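The values are calculated or read from the model by the stated rules, or taken from the named source; none is laboratory data. The model shown is predicted, which means the values in this text are computed figures rather than measured ones. Cβ placement follows ideal geometry from the backbone for every residue including glycine, while neighbour counts extend to all protein chains displayed.
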Amino acid sequence: MTSDATGWDAIDQALENLYPGIEPQHYATLLKFRLGGPDPLDGISFYPRTEPVPHWHAVTYGMSELYEKESENLEESGWGFEFTFRLRRDPEETEPPVWAANFLQNLARYVFDTGNWFEAGHHMDLNGPIALERATEIRAIAFAEDPELGTIDTPHGKVVFLQVVGITPDEYAATQSWSVTRMLELAAEHLPLLVTDLDRRSLTDDPAVAAAVEEGRRREGSATGSLAVAEFRWERSGDETRLVVGAHIAERVGQTLLGRLPFDRQLDLRGPDGAVLFRPGAAFEGTERENGWLELVLPAPVLDGLVEVLVPRAGARPVPGAPNLVVEIEVSRIRDEDGNVVQTVG
């Protein structure tokens with residue numbers, strides 16, 4: 001008999017190879033998304049692990065084509081990946097946390113709603129704790145290929161098992177000013193299998209890690225060529241050009257610029273209502289382009305001046321060395337999924 005869920009079977013086989021004979025705890029969706037249900041994932045399996053540290057290993061079903069082939073892309077199944085998530089657990093814990101399943105459903109919903117998919121090396125600022133009911137420094141995520149499951153071929157195309165890795169704001173800043181891949185390689189030396197631990201402090205609290213990040217940034221620069229942020233826009237009034245930046249992201253933008261322009265690399269910063277392309281050059285220049293773009297050419301002294309005013313304090317400040325260029329920092333209000341303000345920055 002031929003299975004009517006050959007994509008699902010391929011995932012099951014990969015997990016059977018890793019966990020022979022082990023039955024996971026599986027959270028199944030009652031009403032499937034393609035039948036009008038609210039949850040994009042048809043299911044999430046949680047495997048309890050004791051090595052190398054006690055953790056849950058979660059694997060999703062639903063980002064790839066589980067049943068029949070529907071897309072025209074023959075190389076990849078569905079979005080081309082399934083999420084995995086490794087979450088530190090108490091050795092006595094026997095039930096996986098419901099919030100982790102909801103979190104993975106929310107990530108999947110973001111992809112289906114926006115059309116923006118994830119790949120290894122991508123990242124996301126969560127604008128708050130990864131688990132709202134927990135006091136935790138894990139407030140951002142990065143993505144890496146799962147170190148054990150890797151990539152498989154299925155009857156519907158390739159599927160990458162894409163691991164979600166929880167990181168702190170300082171570590172997230174390092175992924176911007178340096179490299180997601182290099183930062184995760186460094187993190188893996190301290191976090192076996194890149195397990196997310198809600199109780200840990202930032203790795204950059206370790207002077208040796210902080211020094212390695214700084215040395216990597218100075219030597220290699222930033223691999224981040226584009227930043228998409230909600231709290232950014234630019235305005236022109238007469239001769240003045242104003243960059244309006246949320247306090248929450250101000251320092252991150254500055255550090256990313258320092259990792260790009262001195263290495264003769266450009267950076268585009270995109271907000272909901274416009275974008276700015278920053279380029280290195282010998283003389284300051286600001287040019288309005290089509291489709292809401294502004295191009296700013298920044299010589300080294302102006303770049304330094306811009307970074308100097310990209311601080312998390314509300315107010316408007318002229319950029320030293322750049323005639324008529326002003327940075328306005330606005331207060332950032334971080335909200336939870338219910339819209340309640342949980343943190344104010346600036």
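Quick notes on this structure:
- Residue among Glu240, Glu231, Glu235, Glu214 that alone is farther than 29 Å from Val326 by Cβ and not hydrophobic (A, V, I, L, M, F, W, C): Glu214
- Residue in region 32-46 that is loosely packed, with under 12 Cβ neighbours inside 10 Å and not in a loop (DSSP other than H, G, I, E, B) present: yes
This table checks each residue for (1) part of a strand (DSSP E or B); (2) modelled with pLDDT of 90 or more; (3) in the same structural domain as Leu126 (by TED's automatic domain parsing); (4) farther than 26 Å from Leu126 by Cα.
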residue	(1), (2), (3), (4)
Leu243	yes, yes, no, no
Leu257	no, yes, no, no
Leu277	yes, yes, no, no
Glu290	no, no, no, yes
Glu295	yes, yes, no, yes
Arg317	yes, yes, no, yes
Gly321	no, yes, no, yes
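- Here Thr204 fits the description: in the same structural domain as Gly78 (by TED's automatic domain parsing), among the β-branched types (Val, Ile, Thr), within 25 Å of Val311 (Cβ to Cβ) and not in a strand (DSSP E or B).
- The listed residue being under 14 Å from the mean Cα position of the chain (by Cα) and within 18 Å of Leu198 (Cα to Cα), out of Leu87, Leu132, Leu126: Leu126
- Region 116-150: number of residues that are among the small types (Gly, Ala, Ser) and either under 19 Å from Ala14 (Cβ atoms) or outside the structural domain of Ser177 (by TED's automatic domain parsing) (or both): 3
- Tabulated pairs, region 304-315, first under 16 Å from Phe284 (Cα atoms), second part of a helix (DSSP H, G or I), C-beta under 8 angstrom, 6+ apart or interchain: Leu306/Gly254; Leu306/Leu257; Val307/Gly254; Val307/Gln255; Val307/Leu257; Val307/Leu258
- For region 72-93, the criterion of a residue being among the aliphatic types (A, V, I, L, M) and part of a loop (DSSP other than H, G, I, E, B) is satisfied by at least one position.
- Checklist (1) modelled with pLDDT of 95 or more; (2) of a type in the set (Gly, Ala, Ser); (3) assigned to a strand (DSSP E or B) applied to Gly305, failing item: (3)
- Any hit, region 308-320, residues being farther than 29 Å from Pro129 by Cβ and within 28 Å of the chain's Cα centre (by Cα): yes
- Residues (free of Cβ contacts under 8 Å to residues at least 60 places away in the same chain, assigned to a loop (DSSP other than H, G, I, E, B) and of a type in the set (Gly, Ala, Ser)) located in region 115-170: Gly115, Ala135, Gly150
- Qualifying position, being surrounded by fewer than 18 Cβ atoms within 10 Å (Cβ to Cβ), over 15 Å from Met124 (Cα atoms) and either of a type outside the set (D, E, K, R) or over 18 Å from the mean Cα position of the chain (by Cα) (or both), among Ser226, Ser237, Ser222: Ser237
- Filtered residues of region 50-71 (kept if buried (at least 24 other Cβ atoms within 10 Å of the Cβ), of a type in the set (S, T, N, Q) and part of a loop (DSSP other than H, G, I, E, B)): Ser64
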